[in-house]
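Here is the structure we will look at.
The values are calculated or read from the model by the stated rules, or taken from the named source; none is laboratory data. The shown structure was predicted, so the numbers you read here are calculated from the model rather than taken from an experiment. Virtual Cβ from ideal backbone geometry, glycine too; neighbours counted across all protein chains shown.
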Amino acid sequence: MTDTVNSDLAANRASVAAKPADTFVPLQKRRAWEPVVSVLIDVTTASLAVAIGMTWANQMHYQLPPSWMVCFFAPTVVTVFALRSLYRRSINRHFLDELPTIQAGTAFAAMLLFSFLVLFAEVNESLGRTVARVWLCGAILIPAGRLLWIAAKRYLFSRNVMSAPTLIVGNGRIAHQVVERINAKSEYGMRPIGLIDDEPPTMGPDRDLPSSIPYLGKLATIEEAIALTGAECMVVAFSRTRDEAMTEAIRIAHRCGMAVWVVPRIFDTIGVHARIDHIGGLPLIAIAHTDPHGWQFVAKHISDRVVATVGLVLISPVFLTLMLLVRLSSRGPIFYSQPRVGRDGRVFNCRKFRSMRPLRESDAAFTLGDGSAPGGVEGEDRRTPIGKLMRATSLDELPQLINVVTGEMSLVGPRPERPEYVDMFNADITRYGERHRVKAGMTGWAQVHGLRGKTSIADRAEWDNFYIENWSLWLDLRILAMTVPAVLDRAE
């Protein structure tokens, strides 16, 4: 057994060493310019905001600030962003995550500019309006520049141009899950290239190591592995190796200029609102708690009903038109109601526009695939022409606004499932039943991340529980904003 492991290790190292020299570029050469580009973009957009704001004010014949003050705005914006860690490397930093900080930093820079004008210049009403115009231009242009940069980085990540070679330290199911998650999304900007652990790899349900991630040896050889692969990042997953050896591996990685992330124990309980406290030099993770029965969710449900009612009124012409088209498409009712499981396991009738013709005896039966959720076109394709359009654009789900108004659903939450499938998933999927702590939603955190139709139900449960445990009003608004491009990505 030992001889086999050693021969496999030698083969893996040989395959890594045989890769082209330009495949592995040291961190200092590959990614050091990324924050520099971010700073240059912010300086450019902030300076452009000043130029446009000043031109706008000049056309209105407002008093312009002193020329030395004009150069104050852009450096202040960059300084505030740096203090708020907007130039620090982060995994999967989304534009909507940054937006509140960007707007707050831009407003703060404008306030400082006005404060200095009050102290060192003669201020009147027109000068205040000039600063307001600079701030308004900055509030539009600076986020736009950052959005374009994020889009450019994701494009480069998808082409494997900027993705960072990443070592996985650990073993077993969690290490396998880390590799799967990173490989599933290029937008993380990481590329697993090797596994380091003191034991031979036993990853995944079949306890086989994926061929895409070779085993590079024990922790004692990590410095050699870093030099061999040019790794820039390291993720520490679970392992039976001594903590002292893991700590030393992290220190070596830091000396080599690598970014390091650690998967914490009992990670299911740690959300984005967790913080680090200390008792002396001992760190403690303070874990935030979301109460689905607290006043925040009461406020959420009230606002859901108000927004859904207003939405129904605004889209009433579209709603009535779809009702007419469904009626003309084939015989049968306009609406289709199906029992679904909602909050606390209560069953309700989920409404949709009927998108299919009635079932015939000759139609093929539907069988659910292993590990995947029902959805999409099940069995024989019985969709009507208008049904295909509604399915592709999710317009068939508009009647669920009525479910929201009646309090059976929420605008945002886990998508509801049929009772017979819920019983099956509860028995097979870890933490699946915990999704029912909150009301089901018209859209959800899993759906805006591509988990629609016949996709993994285990992954959906993971994303849905993440949403519940990290809920905030801003997260709901973010999901609603992300729903638009998700819907435009045509589905069955």
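Only residues that are closer than 16 Å to Asp459 by Cβ and part of a loop (DSSP other than H, G, I, E, B) were counted in segment 396-431, giving 5.
On the stretch given as segment 430-448, residues that are more than 14 Å from Glu417 (Cα to Cα) and either at pLDDT below 85 or touching an Asp or Glu at 6+ places or on another chain (Cβ under 6 Å) (or both) total 2. Among the residues of segment 63-72, is there at least one that is modelled with pLDDT of 85 or more, surrounded by 14 or more Cβ atoms within 10 Å (Cβ to Cβ) and either within 38 Å of the chain's Cα centre (by Cα) or within 30 Å of Pro214 (Cβ to Cβ) (or both)? Yes, segment 63-72 has at least one match. Might you let me know whether segment 472-479 holds any residue that is farther than 24 Å from Val307 by Cα and among the hydrophobic types (A, V, I, L, M, F, W, C)? Checked segment 472-479: no residue is farther than 24 Å from Val307 by Cα and among the hydrophobic types (A, V, I, L, M, F, W, C). Only one entry of Ile266, Ile279, Ile285 meets the criterion of being without any contact (Cβ under 8 Å) to a residue 60 or more places away in the chain and surrounded by 10 or more Cβ atoms within 10 Å (Cβ to Cβ), and that entry is Ile285. Confirm whether Asp464 is crowded, with 22+ Cβ neighbours inside 10 Å, assigned by TED's automatic domain parsing to the domain that holds Phe353, farther than 28 Å from His289 by Cα and at pLDDT 85 or above. When the stated conditions are applied, Asp464 does not pass them. With respect to the stated conditions, Arg435 fails to be assigned by TED's automatic domain parsing to the domain that holds Pro414, assigned to a loop (DSSP other than H, G, I, E, B) and crowded, with 18+ Cβ neighbours inside 10 Å. Pairs are defined by a Cβ separation below 7 Å, a sequence spacing of at least 6 or placement on different chains, a first member in segment 163-179 that is closer than 20 Å to Glu34 by Cβ, and a second member that is crowded, with 22+ Cβ neighbours inside 10 Å and charged (D, E, K, R); the pairs so defined are Ala164/Glu232; Pro165/Glu232.
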